[in-house]
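The values are calculated or read from the model by the stated rules, or taken from the named source; none is laboratory data. Just so it is clear, the structure is predicted and the values come from calculations on it, not from any experiment. Note that each Cβ is placed from the backbone with ideal geometry, even for glycine, and that neighbours are counted across all protein chains shown.
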Amino acid sequence: MTEQVQRLQAGQDVPEFELQDQNGVLRRASELTKTPTILYFFPAAGSPGCTKEASDFEANLDEFSSLGFQIVGVSPDSVEKLKNFEESHELTFTLLSDPDVVAHKAFGAHGEKSLYGRLYKGVLRSTILIKDGKVLEALYNVKATGHTNMLLRRLGN
């Protein structure tokens, strides 16, 4: 029996969550998303794909900011691991720790994956564009490489 992943649709309210950031500060979705936000879910801080994706977001931070968007990354990693990831890659945006994948599930970013024919549950690399507390667009199974350029094109930059 497979667990159905509830994917978000444009126009839906942003699910509420309360997670610690890389500095151990408790952050609520309703507070974070008062500003237009690109909320991206990634599997593992420090892995090659996640490092590439985070570095690309960092390199394009000014462009996203000029479009009015902040970047927030979410992974199941611990606060300590996210802090090390932030420092080792000189990241300047918020990273949220979701060890129980509660936010991942609420946003449709956790479910069945396949690796070499083996099915398992894990993080589905996903990006949710949020404005005025609503989902602007929900993108699932995105690629780590080229992702930020695709987002900038979608946002009209």
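Tell me which residues, restricted to the stretch 45-78, are farther than 19 Å from Glu90 by Cβ, without any contact (Cβ under 8 Å) to a residue 60 or more places away in the chain and not polar (S, T, N, Q). First the steps, then the outcome.
To start, the set of residues in the stretch 45-78 that are farther than 19 Å from Glu90 by Cβ comprises 66-69, 74, 76, 78.
Checking which are without any contact (Cβ under 8 Å) to a residue 60 or more places away in the chain leaves us with 68, 74, 76, 78.
The answer is Gly68, Val74, Pro76.
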Note to self: Within the stretch 113-130, does at least one residue satisfy the condition of being under 25 Å from Pro15 (Cα atoms), surrounded by fewer than 18 Cβ atoms within 10 Å (Cβ to Cβ) and of a type in the set (D, E, K, R)?
What the structure shows: yes
Check: Failed condition for Ser114, given (1) in a loop (DSSP other than H, G, I, E, B); (2) free of Cβ contacts under 8 Å to residues at least 60 places away in the same chain; (3) more than 26 Å from Leu26 (Cα to Cα), with all others met?
Finding: (1)
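Hey, any hits in the stretch 122-137 for a residue that's under 15 Å from Gly49 (Cβ atoms), modelled with pLDDT under 90 and in a loop (DSSP other than H, G, I, E, B)?
First, the residues of the stretch 122-137 that are under 15 Å from Gly49 (Cβ atoms): 122-127.
This time we only want the ones that are modelled with pLDDT under 90, so: 122-125.
After this cut, where a residue has to be in a loop (DSSP other than H, G, I, E, B) as well, the list is 124-125.
Yes; the residues of the stretch 122-137 include at least one that is under 15 Å from Gly49 (Cβ atoms), modelled with pLDDT under 90 and in a loop (DSSP other than H, G, I, E, B).
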Next item on the list: Mind counting the residues in the stretch 2-28 that are modelled with pLDDT under 85 and surrounded by fewer than 17 Cβ atoms within 10 Å (Cβ to Cβ)?
Entry: 4
Checklist line | Of all residues making up the stretch 79-105, the number that are in contact (Cβ under 8 Å) with a residue 60 or more places away in the chain, among the aliphatic types (A, V, I, L, M) and either surrounded by fewer than 17 Cβ atoms within 10 Å (Cβ to Cβ) or in contact with an Asp or Glu (Cβ under 8 Å, 6 or more places away or on another chain) (or both) | finding: 4
Checklist line | Among (1) at pLDDT 95 or above; (2) touching a Gly at 6+ places or on another chain (Cβ under 7 Å) - the single one Lys113 does not satisfy | finding: (1)
